[in-house]
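Note sheet for the following structure.
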Amino acid sequence: IVGAPGDDNPGGYDAGSAYIFQRDGTTWTQTTKLVAADPTLGANFGWSVSMFGNKAIVGAYEANSAYVFECTDSEWTEIAKLTPSAGVGNSADRFRSTAIMQSWVVHIQVPRRISSRLRTPHGRRWQN
């Protein structure tokens, strides 16, 4: 997965995107372009990216969110949009830098804080 936070798409200038590539021998081929279901001007979707198996997470720097995608039968679907929980931590906390996925656990670094957020799915709803 490769992030392209400066990509212009129907969401507008710098809305951003992420590209999924698949390797066949020594050749890498783009198979999918991911965009947020709610693309917005300047969101910088693709600022941080991570994959684990058939799941991917894509951070949107200026949108203060991270998007979780799942691939089934070669089709990528957005299954969750993660945002900071109201009342948790400092209101200035932003999902801005690193998003890492491992199995169904997501680690999102919050700058200016030592701690980070871990989110796991509860049914189809994600929670802290």
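From the list Lys55, Lys81, exactly one residue is in contact with an Asp or Glu (Cβ under 8 Å, 6 or more places away or on another chain) and open to solvent by 70 Å² or more (accessible area, probe 1.4 Å). Which is it?
Testing whether each residue is in contact with an Asp or Glu (Cβ under 8 Å, 6 or more places away or on another chain) and open to solvent by 70 Å² or more (accessible area, probe 1.4 Å) leaves just Lys81.
When you look at Gly42, is it closer than 12 Å to Ala63 by Cβ, surrounded by fewer than 18 Cβ atoms within 10 Å (Cβ to Cβ) and without any contact (Cβ under 8 Å) to a residue 40 or more places away in the chain, yes or no?
When the stated conditions are applied, Gly42 passes them.
Restricting attention to segment 30-62, report how many residues are assigned to a strand (DSSP E or B) and among the hydroxyl-bearing types (Ser, Thr, Tyr).
Residues that pass the stated criteria total 4.
Of the conditions (1) among the hydrophobic types (A, V, I, L, M, F, W, C); (2) at pLDDT below 90; (3) open to solvent by 30 Å² or more (accessible area, probe 1.4 Å), Trp76 satisfies every one except a single condition; which number is it?
Trp76 satisfies every listed condition except (2).
Restricted to segment 9-29, and to residues that are open to solvent by less than 60 Å² (accessible area, probe 1.4 Å) and not in a loop (DSSP other than H, G, I, E, B), which residue is farthest from Trp76 (Cα to Cα)?
Step one: of segment 9-29, the residues open to solvent by less than 60 Å² (accessible area, probe 1.4 Å) are 9, 11-12, 14-20, 25.
Restricting the remaining residues to those that are not in a loop (DSSP other than H, G, I, E, B) gives 9, 12, 16-20.
On the way: Asn9: 18, Gly12: 22, Gly16: 17, Ser17: 13, Ala18: 12, Tyr19: 11, Ile20: 10 Å.
Applying the filter and picking the extreme gives Gly12.
Table: residues versus (1) in contact with a Phe, Trp or Tyr (Cβ under 8 Å, 6 or more places away or on another chain); (2) at pLDDT below 85; (3) among the acidic types (Asp, Glu).
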site: Pro39; (1), (2), (3): yes, no, no
site: Ile57; (1), (2), (3): yes, no, no
site: Val68; (1), (2), (3): yes, no, no
site: Ser85; (1), (2), (3): no, yes, no
site: Arg96; (1), (2), (3): yes, yes, no
site: Ile108; (1), (2), (3): yes, yes, no
site: Ser116; (1), (2), (3): no, yes, no
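If a residue must be among the acidic types (Asp, Glu) and under 19 Å from Glu75 (Cβ atoms), how many such residues does segment 30-43 contain?
0
The values are calculated or read from the model by the stated rules, or taken from the named source; none is laboratory data. In this text, all values refer to a predicted model and were calculated from it rather than measured experimentally. In this analysis, Cβ positions are derived from the backbone assuming ideal geometry, glycine residues included, and neighbour counts consider all displayed protein chains. Each accessible area value is taken on the protein alone, full model and side chains, heavy atoms only, with ligands, DNA and RNA left out. Shrake-Rupley method; radii C 1.70, N 1.55, O 1.52, S 1.80 Å.
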